[in-house]
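Enquirer: Would you mind keeping the following structure in view while I ask a few things?
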Amino acid sequence: MAFSSQLIGDLKSMSIPDIYQWVATNQRSGYVFFQRGIHEVKVFFLKGDIINVSSNIPDFLLGSILIRFKKLDKKTLANILKLQIKNKIPFGQLLVQSGAITEDDLIFALKQQTIELTTYLLDWDQGFFYFEEGEQKYKYYVKIKVEEVLFESIRRHDELELYRKVLKESDVIKISDNSNISEQFKDVIDGKKTVHEIIYTIGGDYIDVYKQLYDLFMNKKIEKIGTRSDPYDPSIKFLIALELFGKGRVYDSYILIKDLYQKYGKGVAIKNFYKNLVIFTDNAFEKKLGGEKACFKVNNIKLLDQKIYLTPKDGYVVSRLGEHPCFDDLRKVCNIEKIELKLILLKLYKMGVVLLKEIKKKETKELPEDTILVLLEIIKNEMSGSLETITDEMKAILYFKSGKFVMGYSVSDKYSVISYLEKFLGKSFNTDDFEYLFNKLINENIFKIDELEKSLEMYCNMLVREIIKSKAISNIFAFNDFFGYEINININLLYLIALTLTTVDKELNLDFDLGQYYELTTDSEKILELFDNYVVIKNLIDKFDENSIDPVSLRNLSTFEINILKILFYLEYLKPTGRYLLKVEELKNLLHDLQNKNPFEIFGVKKDNYNIDEVKKKYVEMSKKYHPDLFEDKERKTIAEEIFRTLKEAFDYLVKHEQEEESKLKIDAKKIFLAEQLLTSGKVYLNMGRISDACEAFIKAYENFNMDEEIKAYYGLALIKRGDFANGFEILDDTKFYNFNDPNLYYAYLDAAIRLKKLEKAKQVLKKFESEFKSLSHKVDFYKRKLGVN
């Protein structure tokens, strides 16, 4: 952040009154930002006078003050919040316009808010602050001299110090002598509430009510019977972010570490903790609330509870849930970064303010690792949704509608769309959330939509070509998962595939019989149009004789040309004529090969993990190809009948095997839930360096549920940490542990591989680790030395 003045530092070196006086003396306009622990305060000035304040501290929110002074009730507040978001009118202004309060009420509350926050700030003897130059415009605001605010705030602060010496806000009190006590106090002082709760229940001026309680105590009308600890944790920055995370206060930890990451994102410790916290939040949201297809409803009864306080962002999210209850829709209208929105919802869910309504069905499908085949399947089946593809160098999301490319992006280091836009505009955005940034660019007129589309079109061309050239580690398609904004990106996937295949020596893994005659199912002009009239496609089509090509001509084509024919065949723009040149000897060799394989080998599947629908597809394709009716002479027909029978027996066996396995599968929901809790605990212990506790948690998680890939991976880590390198390595090697983006899993794998002398595997994993965790170069160098590589 570029500061417009030198007023920045720690409150140990400059007091609150001195800061106020500095702004007033120099007649500055702007705001002073204060932060202590998770608490933040902004005090706005206009030519040295205070005109407004804002804070994330619940006691000092404008709505909270209005409620305490009985100017507003909680139900009205909730309704005004909803109306505010819908009409995009400032909260105070809307309160007046709606008739909920008068203009005098608002000015009174703004002044009270300023004095009470300043009084609160006077307690701060440590914390961070800075002054940011600039003018703020408000329709309703107070204009108070700094001297007036400080005079009143210091008076109140001195009174509070006197009262707190004998009666603290955390003290629980009861009546010991009810004579001469007002009925109002008798009703509230019930032996269960703290001083703080009583003050808020009585309402009005905080100091006035406190003084009355102080007088009652000094006159022995009330007595203390216990205390409750203050819910706020005082402290600052990075170390507290770590502590908060360890205590499970993930939202507060995220706010702190995000602020640090934005200012000092190049620091290794800060960056790693931020990245790990993001991963942790994604996993927690997925497991506790069902992921990004979760839908919520507001618990209005809980919302009216006087003990519940919402921050501005909490209230903002709550007010949007009525119209947009599902996470994916809510995110598009809230313009809050995805991770922060998830944490707010997790917090509100834990508080009981929101309830889980339902989880919209999110149908996903794991597709082949060959991304070209994946793209062809999307095109052919006119699929709508998003494709998450992970390669050695990136993780990318591509969006499609009816098989047509809509938008794509990556936030991985090498192909980051955010870095691309930062270079294009010459400025830094300090965010990893592209959809949040996209909204910001449009709403703040940083980019016009047509300019942004042109820029992203160039980026998407580059990104898709790189994805096509790379071998994916995984490809997962989420149906009906759409990009949140209307955008017009003109990308022809077939053209890009063809263009990339001309530069890559690669043979597509699609069934295509070079012994078959083929013919086009549509005219050549249509084929050329599909590929944007790419000249190399035209040259290939010219080799057809009256839309037909024979086996001899096929065998004379290049690998690239065969690949294009495979694509046309897969998309059903090319079909076999039914005439074969398969010789008797070729059929005999095929039959012999089938008879020497088990059913799993015939269809190329693993015994413990296969999709019967995919097997059925292969069975149908092979049956069509070698069906006896395709052969006219008796000898080849007889061999084909035997091939057909062998295929059918193998397919029937796999169907029966799958049914038997499904009948064995019994899942205990309670054990799954316990396993997930243990896994989360284990990760927290791991981050805290409590290795023994982490290993115990991971092993217990595996004992309760061993079918989860992530639990299995951390179980392997636990075995390795306990010295069982052989079994731990075997388990980790059998998982896609790299999908969980945790360097600890890489360390465990590399340690075991080196110990067991699995050096080639270690080198391959180290290469991926180096590309995935560029900030951990010292660890990369350490393992390179162990492996003896440069």
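No value in this document is a laboratory result; all are computed from the given coordinates. All values reported here derive from a predicted model rather than from experimental measurement. Quick reminder, even Gly has a Cβ in these numbers, built from the backbone with ideal geometry, and neighbours come from all protein chains shown.
Enquirer: Once the other residues with Cβ under 14 Å from the Cβ of L456 are scored (Lys, Arg +1; Asp, Glu -1), what is the net sum?
Expert: -4
Enquirer: Over segment 446-571, calculate the relative contact order: mean separation of alpha carbon pairs under 8 Å at least 6 apart, over the residue count, as a percent.
Expert: Relative contact order comes out at 29 percent.
Enquirer: Shifting gears a bit: Relative contact order for segment 8-159: what is it in percent, counting Cα pairs under 8 Å that are at least 6 residues apart?
Expert: Reported as a whole number, the value is 35 percent.
Enquirer: Go through the cysteines of the chain and tell me which have no other cysteine Cβ under 4.7 Å away.
Expert: Those would be C334, C460, C695, since no other cysteine Cβ in the chain comes under 4.7 Å of theirs.
Enquirer: Find the relative contact order for the chain and round it to a whole percent, using C-alpha pairs within less than 8 Å whose residues are 6+ positions apart.
Expert: Over the chain, the number comes to 8 percent.
Enquirer: Label segment 170-227 by shape, choosing from rounded, prolate and oblate, from the square roots a ≥ b ≥ c of the eigenvalues of the Cα gyration tensor; if a/c is under 1.5 it is rounded, and otherwise prolate applies when a/b is larger than b/c, oblate when it is not.
Expert: Note, shape of segment 170-227 comes out rounded.
Enquirer: Rg and Dmax of segment 364-491, using alpha carbons, in Å: what are they?
Expert: 14.3, 41
Enquirer: Which of the trypsin sites (Lys or Arg not before Pro) found in segment 516-598 are in a DSSP loop and have at most 14 neighbouring Cβ atoms, other than their own, within 10 Å?
Expert: Loop-located and lightly packed - K543, R555, K583, K597.
Enquirer: Find the Cα radius of gyration of segment 497-634, compare it with 2.2 N^0.38 Å by division, and give the number to two decimals.
Expert: Computed over Cα atoms of segment 497-634, the ratio equals 1.19.
Enquirer: Here's something else I'd like to know. Can you give me the C-alpha center-to-center distance between segment 521-548 and segment 365-397, rounded to a whole angstrom?
Expert: Here the answer is 26 Å between Cα centres.
Enquirer: Only helical DSSP H runs with n ≥ 4 go in: add -39500 (n - 2.57) per run for the chain, normalise by residue count and round the 222 nm mean residue ellipticity to 500 deg cm²/dmol.
Expert: After summing the helix terms and dividing by the residues of the chain, the value is -17000 deg cm²/dmol.
Enquirer: What whole-number distance in Å separates the alpha-carbon centres of segment 200-224 and segment 706-721?
Expert: Taking the Cα centre of each part, segment 200-224 and segment 706-721 sit 57 Å apart.
Enquirer: Among DSSP beta bridges whose residues both lie in the chain, state the antiparallel percentage, nearest 5.
Expert: 100
Enquirer: Follow-up. Quick one: check the C-alpha center-to-center distance for segment 736-764 versus segment 100-171, whole angstrom.
Expert: 56
Enquirer: Past the 52 angstrom mark, what percentage of all C-alpha to C-alpha distances in the chain do you count?
Expert: So the pairs more than 52 Å apart make up 30 percent of the total in the chain.
Enquirer: Next question. Only loop residues by DSSP count here, and only those with at most 16 other Cβ atoms within 10 Å; note down the trypsin sites (Lys or Arg not before Pro) in segment 380-444 that meet that.
Expert: The qualifying sites are K414, K427.
Enquirer: So which trypsin sites (Lys or Arg not before Pro) in segment 677-726 are both in a DSSP loop and have at most 13 other Cβ atoms within 10 Å of their Cβ?
Expert: Loop-located and lightly packed - none at all.
Enquirer: Sticking with this one: So what J values fall out for segment 369-374 if you push phi through Karplus, 6.51 cos²θ - 1.76 cosθ + 1.60 with θ = phi - 60°, rounded to Hz, Gly and Pro as x?
Expert: 6, 7, 5, 4, 5, 5
Enquirer: What is the ratio of the Cα radius of gyration of segment 669-787 to 2.2 N^0.38 Å, where N is its residue count, to two decimals?
Expert: Ratio of Cα Rg to 2.2 N^0.38 Å: 1.03.
Enquirer: OK, next. Can you compute 3J(HN,Hα) from phi for each residue in segment 153-164, using the Karplus curve 6.51 cos²θ - 1.76 cosθ + 1.60 with θ = phi - 60°, rounded to whole Hz and x for Gly and Pro?
Expert: 5, 5, 4, 5, 4, 5, 4, 4, 4, 5, 5, 6
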